[in-house]
Amino acid sequence: MYLSRVRIRPEIDRQSQLGRMLQRNTYGVHQLLWDLFPDSQARFLYREELAQSQLSDHNRIKGGAVWYLLSATPPVKEAPLFAVDSRPFEPQLQAGQHLAFRLRVNPVVTRSGKRHDLVMDEQLSLYRQLAARLGLPNNGTKKALRRQLLASEVAAPLHDLLQEYSTNFPEVLAGKPAEVLEQVLQERTGLRLASWLSDNKSRQGIFTLATRKVFDEERDREYERPFFQWSGYQAHALPEKGHSARFCTVDLAGELIVQEPDRLRALIHNGIGPAKGFGCGLMMIKPAFGG
């Protein structure tokens, strides 16, 4: 495998609107990156990020895009549009090894052959469960469910009920009803994403998420919590695919423990989840501190 860092040549980015156009055109970026592989059968994963401070000033456009590519064959070194830096990438993995990871994914749940966005699915599921527990109608739209949950007359029972849905400490679950509901929603979505990542049938047994111990003095209990976080939930329009076409992404990061090195190596090479052609699925890894 080869890991490459690709960026628009500084002289082109400074003198045109091309950089900004590419940032608004997810599908177009993938098509242009294909030009780095003369073999039409080549396949690669990629991830877009903003230029980081480790790039030297004369090579970095502040806020400009950088693409990381993982491929079976190296991309071309000289390209009219891009500056390309590549190196072989063959991680030496061992069972029990701790790795820090980060990746951008398009997490979905499939029902009756149709894909649903996992983050929105978890939100709707929580709203319906809470409404049912409070004796409220639970078959409306997400907006209607949220409105009735935040009605003043159910504020007190809602707050008490949310305590059951969270492993957060009582002092964390403070604030107005909407704020507390958001805290629980964030936590439950994180747990759902962690399960999607490590317990999915296609990935089960390859790795586990590292945990850390947290002691709650108020409840006199110790918790094991995944060393995992999620952020950057975002919807992306795909006008090239149709007026209403879109997909959603979320950034995941944390620490994993290798269980089956060969399968993990194959997983990294093949990518995780759908929408790989739109910059999803590339797992970036490095040895975890102390791992």
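The values are calculated or read from the model by the stated rules, or taken from the named source; none is laboratory data. It should be emphasised that the depicted structure is a prediction, and the values quoted were computed from it without experimental measurement. Cβ sites come from the backbone with ideal geometry, for glycine too, and all protein chains shown count toward neighbours. Quick note on the areas: whole protein, heavy atoms, side chains included, nothing else; ligands and nucleic acids left out. Shrake-Rupley method; radii C 1.70, N 1.55, O 1.52, S 1.80 Å.
Data table
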{"read-out": "So residue 256, is it in a strand (DSSP E or B) and of a type in the set (A, V, I, L, M)", "value": "yes"}
{"read-out": "Whichever residue in region 259-290 is open to solvent by 20 Å² or more (accessible area, probe 1.4 Å) and touching a Pro at 6+ places or on another chain (Cβ under 7 Å) and, among such residues, is farthest from residue 232 (Cα to Cα)", "value": "265"}
{"read-out": "Residue that is most open to solvent (accessible area, probe 1.4 Å), among those in region 67-82 that are in a strand (DSSP E or B) and modelled with pLDDT under 90", "value": "78"}
{"read-out": "Residue 63, sole failed condition from (1) under 22 Å from residue 236 (Cβ atoms); (2) surrounded by fewer than 16 Cβ atoms within 10 Å (Cβ to Cβ); (3) at pLDDT 80 or above", "value": "(3)"}
{"read-out": "Selection count, region 24-50, where residues are open to solvent by 20 Å² or more (accessible area, probe 1.4 Å), at pLDDT 85 or above and among the aromatic types (Phe, Trp, Tyr)", "value": "1"}
{"read-out": "Filter result (open to solvent by 40 Å² or more (accessible area, probe 1.4 Å) and modelled with pLDDT of 75 or more) within region 237-256", "value": "237, 246"}
{"read-out": "Positions within region 91-107 being open to solvent by 30 Å² or more (accessible area, probe 1.4 Å) and closer than 17 Å to residue 200 by Cα, in sequence order", "value": "104"}
{"read-out": "Verdict on residue 137 being under 30 Å from residue 7 (Cβ atoms) and modelled with pLDDT under 95", "value": "no"}
{"read-out": "Given (1) touching a His at 6+ places or on another chain (Cβ under 8 Å); (2) closer than 26 Å to residue 253 by Cβ, index of the condition residue 100 fails", "value": "(1)"}
{"read-out": "Exclusive hit being in a helix (DSSP H, G or I), closer than 25 Å to residue 273 by Cβ and at pLDDT 95 or above, set 185, 193", "value": "193"}
{"read-out": "Residue within region 109-123 that is open to solvent by 40 Å² or more (accessible area, probe 1.4 Å) and closer than 21 Å to residue 162 by Cβ present", "value": "yes"}
{"read-out": "Unique residue being free of Cβ contacts under 8 Å to residues at least 12 places away in the same chain and either part of a helix (DSSP H, G or I) or of a type in the set (A, V, I, L, M) (or both) when the list is 125, 202", "value": "125"}
